[in-house]
Amino acid sequence: MAGRNPKAQTVRNMLLAMAVIIPIALVSYVFIPNDDSKDPVRTVDYRVELETARRAAPYPVAAPVGLDADWRATSVSYRAGGKDGSAWHLGFLDPDTQYVAVEQSDAPAAPFIDNVTQGATKTRRTEKVGDATWLRYDGEKYNALVREEHGVTTVVTGTAAPERLTKMAAALKADRARTAGRA
């Protein structure tokens, strides 16, 4: 074994290993499908969570009715009795792929609104949507429409244009548990 350079042996082994690994990696890249044109956002079906929240929440839970198929639900949750009270969340991408969320809670309004609007501030502007009056909030990240009534705060918030937030607010229907015969 005298006369062999251990460093040269290590470099030789590394080059042999790379000669085996690189062709395998190239073949894998070429033959394993990878479609980057697909939309990475996953759409969720929120009906079961909505019915569960409507049975459990101490307030009528709001969800949109009649939005176009271009509105895609992307996130849903209901947490009972946490730091934000009993909190309902339903997130969407609007037709322009901007974020719109419906947030509800029976927690104290000010900290809840601050949390879900990412620090948006109340303006003096109101907006009449259907029979309800909503307060407008403006923020660096999110804008929002806020309505407080009967021990529950409802917030429509997100990065979407104000008219999209208004469209979501107009589509909201607040119910308790589902009644028979209604879709």
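Just a few scattered comments:
- Rel. contact order, % - alpha carbon contacts under 8 angstrom, at least six apart, the range 64-183: 22
- 0 to 90° range, to nearest 10: angle between helix 6-31 axis and the chain longest Cα axis: 50
- Highest-first arrangement of 122-128, 9-15, 106-112, where packing means the average Cβ count within 10 Å: 106-112, 122-128, 9-15
- Shown for the range 90-133: the carbon plus sulfur share of the solvent-accessible area, taken with all protein chains present and a 1.4 angstrom probe, equals 45%.
- Anisotropy class of the range 94-139 from Cα gyration tensor, a/c 1.5 cut: rounded
- Cα gyration tensor shape for the range 38-183, rounded if a/c is under 1.5, else prolate or oblate: rounded
- Taking 7 Å steps out from each Cα toward its Cβ at GLU127 and PHE31 produces label points 5.4 nm apart.
- The Cα-based radius of gyration of the range 64-120, divided by its Kirkwood radius, gives an Rg/Rh of 1.02.
- Integer Hz, Karplus 6.51/-1.76/1.60 couplings in order for the range 67-74, x for Gly and Pro: 6, 4, 5, 5, 7, 10, 6, 10
- Most mobile of LEU50, LEU26, LEU93 in a GNM of the chain (Cα contacts under 10 Å): LEU26
- Per-residue ellipticity at 222 nm computed for the chain from its helices equals -9500 deg cm²/dmol, with DSSP H segments shorter than 4 residues left out and the rest contributing -39,500 (n - 2.57).
- Rounded accessible area per residue of the range 103-150, 1.4 Å, Å²: 60
- ³J(HN,Hα), Karplus 6.51/-1.76/1.60, whole Hz, each residue of the range 158-170, x for Gly, Pro: x, 8, 5, 5, x, 5, 6, 4, 5, 4, 5, 4, 5
- Modelled label positions at GLN118 and TRP71, each set 7 Å beyond Cα in the direction of Cβ, lie 2.1 nm from each other.
The values are calculated or read from the model by the stated rules, or taken from the named source; none is laboratory data. The model shown is predicted, which means the values in this text are computed figures rather than measured ones. Please note: Cβ atoms are built from the backbone with ideal geometry, for glycine as well, and neighbour counts cover all protein chains shown. Side chains are part of the model used for accessible areas, which takes the heavy atoms of the whole protein and leaves out ligands, DNA and RNA. Shrake-Rupley method; radii C 1.70, N 1.55, O 1.52, S 1.80 Å.
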